[in-house]
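Report on the following structure.
The values are calculated or read from the model by the stated rules, or taken from the named source; none is laboratory data. Every value quoted in this text rests on a predicted model; they were computed, and no experiment measured them. Don't worry about glycine lacking a Cβ; one is built from the backbone with ideal geometry, like all the others, and counts go over all protein chains shown. Just the protein is used for accessible areas: all its heavy atoms, side chains included, with ligands, DNA and RNA removed. Shrake-Rupley method; radii C 1.70, N 1.55, O 1.52, S 1.80 Å.
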Amino acid sequence: MVHLLQKWDGVYTRIRGRRMMLFFDFDGTLAPIASKPGYARIPDVTLSLLKEVLRLRSCKLAVVSGRALADIKKKIGLKGIVYVGNHGLQIRGAGVRYTAPLVPGYKASLRKIKARIARGIRRYSGALIEDKGLSLSVHYRLVSSRDCAALRMAVRKIAQPYCARRLIRVRTGKMVMEIRPDFRWDKGSAVRWLIGKWRALDKGARTVALCCGDDSTDEDAFRALAGKGITVVVGRRAESAAQYFLDTQDEVNGLLRRIITGARQTLWIPFNRQRNRSGSTRV
């Protein structure tokens, strides 16, 4: 795995003249990691760069997050973005809409699990449980390091009967445990679904997908694009399915700047347009 910006010339050769489909995680990618989920804020400079990307008719942009759909939309607040919430369970924006199917009784079971986890983690100072409607997140970034293993064990013990009934599954991320429906749909599934939707707009068009994220849940998207797109992990990791890495969230801004500059310099072909044999463009 190599540093993306150091190999930009080679990457630019792959994307030059193609329509771009861009997928970015939020926490740790577009916004720095915060001690509590509610504290996370997208920097003004990053927000301005996203606005510039949205003005590029050759690019489609999706933010793919584990946050609740309403939460991620509020955190960014820009029209024209496709917002993917709850690790792909909900997709809205720019004429796109999807909600993953849930088995009967799932939401009632999730309420019970939330109540039991809330009681079970009360003893661990700093533990937080976030209700995202279709999933739960148990955050332990502020929990003492000596208690983290015991907290994870407590959560898994509470979740186990529901896992056995195939109602939920538990995934781990950066200092967080995710309680989701036992439905084989994740960030990778959402990315593949969106690519199919966008390619249908321009059948036969030359496109390329780029996905950037920092957490273990983003690995699902990296694997989905293996051999088919450009994948970038933020932060150096010993094991990742990504082709490239960036060191910091600030370097994500550098990536966005290069995408914007490249699109302007080479006049990438807009979505929903085709060129006829004479070279002119028709809508």
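Could you tell me which of the residues S109, S125, S48 is at pLDDT below 95 and of a type in the set (S, T, N, Q)? Steps first, answer last, please.
Numbers: S125 fails: at pLDDT below 95; S48 fails: at pLDDT below 95.
Answer to the selection: S109.
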So in the range 29-60, with the set limited to residues that are touching a strand residue (DSSP E or B) at 6+ places or on another chain (Cβ under 7 Å) and of a type in the set (K, R), which one is surrounded by the most Cβ atoms within 10 Å (Cβ to Cβ)?
K60
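So which residues in the range 83-103 are buried (at least 24 other Cβ atoms within 10 Å of the Cβ) and part of a strand (DSSP E or B)?
Y83, V84, G85
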For the range 7-58, what are the residues that are farther than 28 Å from L136 by Cβ and in contact with a Ser or Thr (Cβ under 8 Å, 6 or more places away or on another chain)?
R16, G17, R18, R19, M20, M21
Could you please find all residues in the range 111-153 being over 21 Å from I33 (Cβ atoms) and not in a helix (DSSP H, G or I)?
R122, R123, G133, L134
Restricting the range 199-223 to residues that are open to solvent by less than 10 Å² (accessible area, probe 1.4 Å) and part of a helix (DSSP H, G or I), which is farthest from K114 (Cα to Cα)?
F222
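May I ask you to list the residues in the range 123-137 that are within 10 Å of A154 (Cβ to Cβ) and either of a type in the set (D, E) or open to solvent by 40 Å² or more (accessible area, probe 1.4 Å) (or both)?
Within the range 123-137, just R123 meets the criteria.
Can you tell me which residue is nearest to G229 (Cα to Cα) among those in the range 3-23 that are open to solvent by 60 Å² or more (accessible area, probe 1.4 Å) and touching a residue at least 60 places away in the same chain (Cβ under 8 Å)?
Taking the range 3-23 and keeping what is open to solvent by 60 Å² or more (accessible area, probe 1.4 Å), we get 6-7, 9, 13-14, 16, 18.
Right, trim to touching a residue at least 60 places away in the same chain (Cβ under 8 Å) and you get 7, 14, 16, 18.
Values: K7: 15, R14: 9, R16: 13, R18: 12 Å.
Taking the candidates together, the pick is R14.
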Report every pair of residues separated by at least 6 positions or lying on different chains whose Cβ atoms are under 8 Å apart, first residue within the range 154-171 and over 15 Å from I129 (Cβ atoms) and outside any loop (DSSP other than H, G, I, E, B), second acidic (D, E) and modelled with pLDDT of 95 or more.
R171/E178
Among T231, T207, T217, which is the only one that is over 11 Å from V64 (Cβ atoms), in contact (Cβ under 8 Å) with a residue 24 or more places away in the chain and among the hydroxyl-bearing types (S, T, Y)?
T207
Checked against (1) without any contact (Cβ under 8 Å) to a residue 60 or more places away in the chain; (2) open to solvent by less than 10 Å² (accessible area, probe 1.4 Å); (3) over 21 Å from W193 (Cβ atoms), F26 satisfies every condition except (3)
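For the range 31-41, state whether one or more residues are part of a loop (DSSP other than H, G, I, E, B) and among the charged types (D, E, K, R). So that I can check it myself, show each step before the final result.
At the first step, the residues of the range 31-41 found to be part of a loop (DSSP other than H, G, I, E, B) are 32-36, 40-41.
Right, trim to among the charged types (D, E, K, R) and you get 36, 41.
Yes, the range 31-41 contains a residue that is part of a loop (DSSP other than H, G, I, E, B) and among the charged types (D, E, K, R).
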